[in-house]
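Readers should treat all values here as calculations from the given coordinates under stated rules, not as data from a laboratory. The shown structure was predicted, so the numbers you read here are calculated from the model rather than taken from an experiment. Cβ placement follows ideal geometry from the backbone for every residue including glycine, while neighbour counts extend to all protein chains displayed.
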Amino acid sequence: EVTASRGTVTWDNVTRLIVVDIGTLGPGEVVTITVRAVVNSNAAPPPVTIRNQAVLDYEQGEPIGSEIVTVLVPPRGPAEIPEPGTWIPVLGGFAVLAGYVWLRRARLPKSLRLRKSLVKGSF
């Protein structure tokens, strides 16, 4: 599930590409993009490592990639409360992307594209 506080969100099931087109932003404007990913039942049996990356693609320059976010899906076992450190890599990747957008807000592009790069596993 992908939502944006402004613009349109599209998903291509073949290329596995999420595109969020936010249009042109003025100085000081902010757009929030939220991505919620769930590992589906067709994924490799746990443990499995899933890697994703967000890419900012805009008309004024070359695409900028975020840090690669790595999430380990642990083997099934007794229900436990996940450690807070599990979410740090996920949030770190989005924080890098948000920081870049904030820095470029005066010249923000017409579109923002998020590309999923899946190394191992399945969504």
Checklist outcome for this item: In order over the stretch 43-56: 3J(HN,Hα) from phi, Karplus 6.51/-1.76/1.60, θ = phi - 60°, whole Hz, x for each Gly or Pro, gives 5, 4, x, x, x, 9, 9, 10, 10, 9, 8, 9, 10, 8
Item to check | P(r) weight above 14 Å for the stretch 12-59, C-alpha pairs, percent | outcome: 70
Checklist entry - If each of Arg6 and Asn42 carries a label point 7 Å out from its Cα toward its Cβ, how far apart are those two points in nm? => result 3.6
Checklist entry - If you add up the charges near Ser5, with Lys and Arg at +1 and Asp and Glu at -1, over every other residue whose beta carbon is less than 14 angstrom from its beta carbon, what do you get? => result -1
Checklist entry - Each label point is 7 Å from the Cα along the Cα-to-Cβ direction; what then is the distance between the points at Thr32 and Ile64, in nm? => result 2.1
